[in-house]
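> So that we are looking at the same thing, I have put the structure below in structure tokens.
The values are calculated or read from the model by the stated rules, or taken from the named source; none is laboratory data. Everything numeric here is computed off the predicted structure, so don't read it as measured data. With ideal geometry, Cβ positions are generated from the backbone for all residues, glycine too; neighbour counts draw on all protein chains shown. Each accessible area value is taken on the protein alone, full model and side chains, heavy atoms only, with ligands, DNA and RNA left out. Shrake-Rupley method; radii C 1.70, N 1.55, O 1.52, S 1.80 Å.
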Amino acid sequence: FTAFALFCQNADAQPDCLTLKPAIDSINSYLSQKASVGKTVKIDTFFIDRHSIKVHLNKTISDYPLRDRDLKFMEDAVRSSLSGRGSGLKVEFTYGGKPLKRLISGYYSGYKADGFTKEHKSWIKKIDSPIDITKGLDGCNIALWSSHGYYYSHEAGRWEWQRAPFFTTVEDLLTHSYVTGFLAPMLENAGANVLMPRERDPQTLEIVVDNGSLFYTERNNSGNARYDWTDSPEPGFGADSSSFLTDTNPFLSGSARMSVSDGKSTQTAFYMPFFPETEDYAVYVSYQSLPESGSAIYTVHHSGGEQSYMIDQSIGGGTWVYLGTFRFTKGECGQGVTVRSAQEKKKGVITTDAVRFGGGMGNVLRGHGPSGYPRYAEAARYWLQWSGFPEDVYSLNDGTDDYKDDYMSRGKWVNYLKYCMDIPVDMVLALHTDAGYCMNDSIIGTLAIYKEESEGRLRYKDGRSRITARELADIVQTSIVDDIRAYCRKDWTRRAIWDRSYVEARVPEVPTVLIELLSHQNISDMQYALDPGFKFIVSRAIYKGILRYLSYTSGRQYTVQPLPVKDFSAVITDRSDTEAKVKLSWTPRTDPGEPSADPTSYIVYRRILDPYGDCSVPGFDNGTVVTGTEYIDRIEA
């Protein structure tokens, strides 16, 4: 064995090579405890010379999450099978002609990242938050979507769900409840900008205020004509929101406004609509990105106060840009959005186009009319059109197959954001619940999918290696499975990490993971899927996985958001005819799996109701930071 080379092909079948069979049996037994992939690892060939043992494995090995310690176990198993003859020889594993070491998670094996995430300028920044986020996701731009959506079937000639109904829901809405109700707010609370190709707001009311409308006004505070608002040279939003045809771009049918910005004057535009009901409304703004564009300050005047954002208008123009969801009071109460120059010293321009409040109803005409459903229930294809993206992004099948357009458009949308709108998207996560069921009431569990090679390329357009997506998939899947096992079900199934050519994983030119969380056809999975407590745990696990990945690849430390407090109480004392004192107290809740999540301070939000005013104020303010576990305030009788 040390003097001559031994080469074995199809090692399972060759009698001369059966010496490694105990090793592969041991490896399969070991790996089966890490994940359930449905196949076994086999040795295609192995080669022994005086220096090394080269073992070529089939591709199944790539479906397992791998760490340094796993490779060490496999090496020891091979040496053991050779009864000491392999002692001192280097063991090298490959799969598909590639070294197996490339599949090992650097994060979980303690390796330093290659520094493939570059720092980029901030796009949207809250400027009056009670705290500054420095160890979260501040400045990160995350593309996030839930699966499927209500769509028009050309074959059936009607609008319908993409997935069949099971256990009181459909996948089209089930995953959306995770993404919009739990995950996106967690990411945004950590400082991230979350971009979605589907409507996020379940509010069926929609108010669009365009420039030139009754509820739009402008002001030049300097009195100097050079700072007056003028029409932008580019077309802007101008569509009727009730309905429009499939080949219409609403951001090419109107106008936008612009003004000089050089720090010497403040120009302001006001969008102050009549709100038909006191409700929560998502707020979207639109502007244009011109060569001279600088930054603008957007202030949302809501029923609880004001929230301001600094937006770099040199990127992201020509679409709806989400700021947040706020409560607005019925009527005209001076509530809405103002836009003003950011007092930058360098000369430039600011622009403003339109502001949208609320998610609204679907308005793209297909077949005999629009869907008749709230826009948040619809597929991505329709939201992307309503948001001004070109037809070659949202309709890749010449308007003949909305089903395919939905999943094919999402990756195209990400690439358009990054390379046409200059938004520095850091990563993508798609959440699904795959079909399938078990006859023995077992859990089907969680699968992660990424795609390394795309169109023959192993690198993204920005130069990063596409194997980066595997690290993302591994970290997020591990976080999900670990937390579900810790808090819900100890035997939750961890499925494979697939390198597969799914369109949603293959097309985006940034690291992307598609998570198949569970099976919506399997009753054992669905016993958990509809539980809000489970949704919270899973969404928090995904958030932590994303935070760990982006912190790891950028080489910075992170802190996880604390869990909600417990034992909350309010005690009223010192009562008089006009006021009283209220003492709020609570107990922190620790996260056993994440030491950094221990709280160091808290934020108390207040709202004041004026029962006598024309515009009552039922919304919460921007919060007060409290360092202890109690807060004392005075309230009017």
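> Taking into account only those residues within the stretch 312-344 that are of a type in the set (Lys, Arg) and either at pLDDT below 90 or more than 22 Å from Gly254 (Cα to Cα) (or both), which is surrounded by the fewest Cβ atoms within 10 Å (Cβ to Cβ)?
For the stretch 312-344, the residue satisfying everything is Lys330.
> Only residues in the stretch 539-567 that are over 17 Å from Tyr178 (Cβ atoms) and part of a helix (DSSP H, G or I) count as the first member; pair them with residues that are among the acidic types (Asp, Glu) and open to solvent by 30 Å² or more (accessible area, probe 1.4 Å), Cβ under 9 angstrom, at least 6 apart or cross-chain, and list the lot.
Pairs found: Thr553/Asp114; Ser554/Glu119.
> What number of residues within the stretch 122-139 satisfy the criterion of being outside any loop (DSSP other than H, G, I, E, B) and of a type in the set (A, V, I, L, M, F, W, C)?
Here the count works out to 1.
> With the requirement that a residue be surrounded by fewer than 18 Cβ atoms within 10 Å (Cβ to Cβ), charged (D, E, K, R) and within 28 Å of Gln307 (Cα to Cα), what does the stretch 231-260 give you?
Within the stretch 231-260, just Asp231 meets the criteria.
> Looking only at residues that are at pLDDT 90 or above and farther than 12 Å from Arg356 by Cα in the stretch 261-274, which one is surrounded by the most Cβ atoms within 10 Å (Cβ to Cβ)?
Among them, the one singled out is Ala269.
> Right, here's the next one. Of everything in the stretch 432-474, what is in contact with a strand residue (DSSP E or B) (Cβ under 8 Å, 6 or more places away or on another chain) and in a helix (DSSP H, G or I)? Give them in sequence order.
Ala469, Arg470, Leu472, Ala473, Asp474
> Among residues belonging to the stretch 544-574 that are surrounded by 11 or more Cβ atoms within 10 Å (Cβ to Cβ) and of a type in the set (Lys, Arg), point out the one that is nearest to Tyr107 (Cα to Cα).
Looking at the filtered set, the residue picked out is Arg548.
> Mind listing just one residue for me: the one in the stretch 119-137 that is in contact with a Ser or Thr (Cβ under 8 Å, 6 or more places away or on another chain) and not small (Gly, Ala, Ser) and, of those, farthest from Ala184 (Cα to Cα)?
Restricting to residues being in contact with a Ser or Thr (Cβ under 8 Å, 6 or more places away or on another chain) and not small (Gly, Ala, Ser), the top hit is Glu119.
> Being surrounded by 14 or more Cβ atoms within 10 Å (Cβ to Cβ) and at pLDDT below 90 narrows it down to one of Ser87, Ser109, Ser81, so name that one.
Of Ser87, Ser109, Ser81, the one residue that is surrounded by 14 or more Cβ atoms within 10 Å (Cβ to Cβ) and at pLDDT below 90 is Ser81.
> Here's a follow-up. Scan the strands (runs of 3 or more DSSP E) fully inside the stretch 252-317 and keep the ones with 1 or more residues being over 18 Å from Ile350 (Cβ atoms).
Once the strands (runs of 3 or more DSSP E) in the stretch 252-317 are filtered for at least 1 residues that are over 18 Å from Ile350 (Cβ atoms), what remains is 279-286, 295-302, 305-312.
> Show me the strands (runs of 3 or more DSSP E) found entirely inside the stretch 155-241 where at least 3 residues are modelled with pLDDT under 95.
Here the list reads 216-220.
> Mind checking whether some residue in the stretch 360-379 is surrounded by fewer than 20 Cβ atoms within 10 Å (Cβ to Cβ), among the hydroxyl-bearing types (Ser, Thr, Tyr) and out of contact with any Leu (no Cβ under 6 Å at 6 or more places or on another chain)?
Yes, the stretch 360-379 has at least one match.
> I'm trying to understand the selection: among the residues of the stretch 462-509, which are surrounded by fewer than 24 Cβ atoms within 10 Å (Cβ to Cβ) and under 14 Å from Ala430 (Cβ atoms)?
Answer for the stretch 462-509, where residues must be surrounded by fewer than 24 Cβ atoms within 10 Å (Cβ to Cβ) and under 14 Å from Ala430 (Cβ atoms): Trp498, Arg500, Tyr502, Val503, Glu504, Arg506, Val507.
> Next question. Any chance the stretch 367-376 includes a residue that's assigned to a strand (DSSP E or B) and at pLDDT below 95?
yes
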